[in-house]
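Take a look at the structure below.
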Amino acid sequence: MLNKVSIDDIQVKGKRVLCRCDFNVPLIDGKITDENRLVASLPTINKLIGDGAKVILCSHLGKPKGEPKPELSLAPVAVRLSELLNKEVIFAADPEVVGPNAKAAVEAMNDGDVVLLENTRYRAEETKNGEAFSKELASLCDIYVNDAFGTAHRAHCSSCGVASYVETAAVGYLMQKEIDFLGNAVNNPKRPFAAILGGAKVSSKIAVIENLLDKVDILIVGGGMAYTFMKAQGKAVGDSLLEADYCDYCLKMIEKAEKKGVKLLLPVDNIIADAFSNDANTKICLKGEDIPEGWMGLDIGPASEKLFADALKDAKTVVWNGPMGAFEMPSFASGTVAVAKALADIDAITIIGGGDSAAAVNQLGYGDKMTHISTGGGASLEFLEGKELPGVAACTDK
Ligand code: AMP
């Protein structure tokens, strides 16, 4: 369990509460195309409103790189949030984020009112965790609540620095739920415990592989990163994604798995293509065959799908991060679908790391079959690496 003060532990009636949310939603021509993150933050916001706080919301959106960029304004989020909360969300349009408009808006608040500040990354200090901007944010509030799991791995002013200048920094419901699910899965799993890792590169998941090998019973590796493992074992991988510098590392991990008694599974067959394109010529590279030059592995093959699904049948906890192939192209989505289906069919706690795996599971229609889909890609990955998240560490201990 997370040992931090939560919003259930604090009295907020009449207090100004600055709540850091993750409203970093995709926008096309000012329209929100996926509002999952807004919906995920409603329980905390509603709790604060219900308890009579003056609710001041803040978030970043995209990468304006320290400058006001109208196309990255949070104005459309204020409009949609008003509809979702069934309550006016006053937007403090302020290029300085905490400037005269924001201060006036907060000054005029009654209990239960909601104000949304402008994109925190309009300020260059935000991503440098600068003291001045952290203090400005703190000056607006009595209490700080961090509910932005998606940025909890970043030590930024609004996700971390501000906590040093308030009396109480609490975690919100979403943050608590994320940490409880991921923490329980990794540190207190029902066994057998399986992890599935995929995605493009070994180099971006080194620390995760290393940390999980100490904890899991089964480790399944698919996606582009599997080809570096295969190359390390002396197999020809043609033009597949390869990080030659990491072959030694992969061999060490294979040895580590053996020593620890972890069942490490790699693809035994692959869907190979003559170009990185949905319309490329494709064929199955069968078990034991080399991937020829001019061809690249873009998905796991049917025998691997079966191997992985069989290995997952008896698992009681599964953590999945990274697709099994270049799933954005329908020709190479089959392996990722097969794993999603295998997880949907088993009686286990199934946790999906954010980012691409979450997108894949939702896009393929298996979202509601999973126990928990994380809202944070980078944050869930760092959590799986066993790292402390600065945004959580900064909150007040119980
Ligand atoms: P990551 O962010 O490391 O989880 O990587 C996700 C990306 O890996 C997705 O965009 C996939 O298209 C890509 N990917 C997965 N498998 C392969 C593969 N075999 N070859 C090339 N790209 C892949």
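The values are calculated or read from the model by the stated rules, or taken from the named source; none is laboratory data. In this text, all values refer to a predicted model and were calculated from it rather than measured experimentally. Reconstructed Cβ throughout: ideal geometry from the backbone, glycine too, with neighbour counts over all protein chains shown. Accessible surface areas use protein heavy atoms only, side chains included; no ligands, DNA or RNA. Shrake-Rupley method; radii C 1.70, N 1.55, O 1.52, S 1.80 Å.
Each Lys or Arg adds one and each Asp or Glu takes one away; over the other residues whose Cβ falls under 13 Å from the Cβ of T371, this sums to 0.
Work out the length of the dipole vector of the chain about its Cα centre, built from +1 on the beta-carbon of each Lys and Arg and -1 on the beta-carbon of each Asp and Glu, and round it to the nearest 20 debye. Please list the in-between numbers first.
Values: 42 positive and 54 negative charges, 141 e Å.
Using Cβ point charges on Lys, Arg, Asp and Glu, the chain gives about 680 debye.
Sorting F327, F91 by accessible area puts them as F91, F327; the probe is 1.4 Å, largest comes first, and only protein heavy atoms count. Once you sort the root eigenvalues of the Cα gyration tensor of region 152-210 as a ≥ b ≥ c, which label holds: rounded (a/c under 1.5), prolate (a/b larger than b/c) or oblate (the other case)? It is oblate, given that a/c is not under 1.5 and a/b is not larger than b/c.
Over region 154-203, what percent of the accessible surface lies on carbon and sulfur atoms, probe 1.4 Å? Reported share for carbon and sulfur atoms: 43 percent.
Using unit Cβ charges (K, R positive; D, E negative) and no other charged atoms, how large, in debye to the nearest 20, is the dipole of region 257-333 about its Cα centre? Before the final figure, lay out each step's value.
Numbers: 8 positive and 12 negative charges, 116 e Å.
Magnitude of the dipole: close to 560 debye.
Once Rh is set to the Kirkwood radius over Cα pairs, what Stokes-Einstein translational diffusion coefficient, in µm²/s, holds for region 194-240 at a temperature of 20 °C and a viscosity of 1.002 mPa s? The estimated diffusion coefficient comes to 192 µm²/s. Taken over the C-alpha atoms, the chain has Rg and Dmax values of 22.8, 71 angstrom. Highest mobility in the GNM of the chain, judged by mean-square fluctuation with C-alpha springs under 10 Å and restricted to A163, A108, A344, is found for A108. Simple rule: put +1 on each Lys or Arg Cβ and -1 on each Asp or Glu Cβ in region 290-398, find the dipole, and look at A379, M329, A315; the Cα lying farthest toward the positive end is A315.
Here the chain carries DSSP beta bridges of which approximately 20% are antiparallel, counting only pairs with both residues inside.
A 1.4 Å probe run over the chain, with the rest of the protein chains in place, finds 42 Å² accessible per residue.
Here the dipole of region 99-196 is about 600 debye; that uses its Cα centre as origin and unit charges on the Cβ of Lys and Arg (positive) and Asp and Glu (negative). Per-residue SASA remark: E67, around 100 Å² accessible (1.4 Å probe; ligands, DNA and RNA not included). Phi angles across region 338-345 convert, under the Karplus curve 6.51 cos²θ - 1.76 cosθ + 1.60 with θ = phi - 60°, into 3J(HN,Hα) values of 4, 5, 4, 5, 4, 5, 5, 8 Hz, Gly and Pro given as x. Helical content alone sets the calculated 222 nm signal of the chain at -9500 deg cm²/dmol, taking -39,500 (n - 2.57) per DSSP H segment of four or more residues and averaging over every residue. To make sure I understand the rule: partners must be lysines, Cα under 18 Å from the Cα of K69, and not fewer than 8 residues away in the same chain. Which ones qualify? Hits, sequence-local ones excluded: K31. Each of G14, L81, A124 was scored by the projection of its Cα onto the charge dipole of region 5-141, and the greatest displacement toward the positive side belongs to A124; charges sit on the C-beta of Lys, Arg, Asp and Glu. Taking θ as phi - 60° and the Karplus parameters 6.51, -1.76 and 1.60, the scalar couplings of region 91-99 work out to 8, 8, 5, 7, x, 8, 6, 9, x Hz in sequence order, x denoting glycine and proline.
Residues W320, W295, sorted by accessible area with the largest first, give W295, W320 [1.4 Å probe; ligands and nucleic acids excluded].
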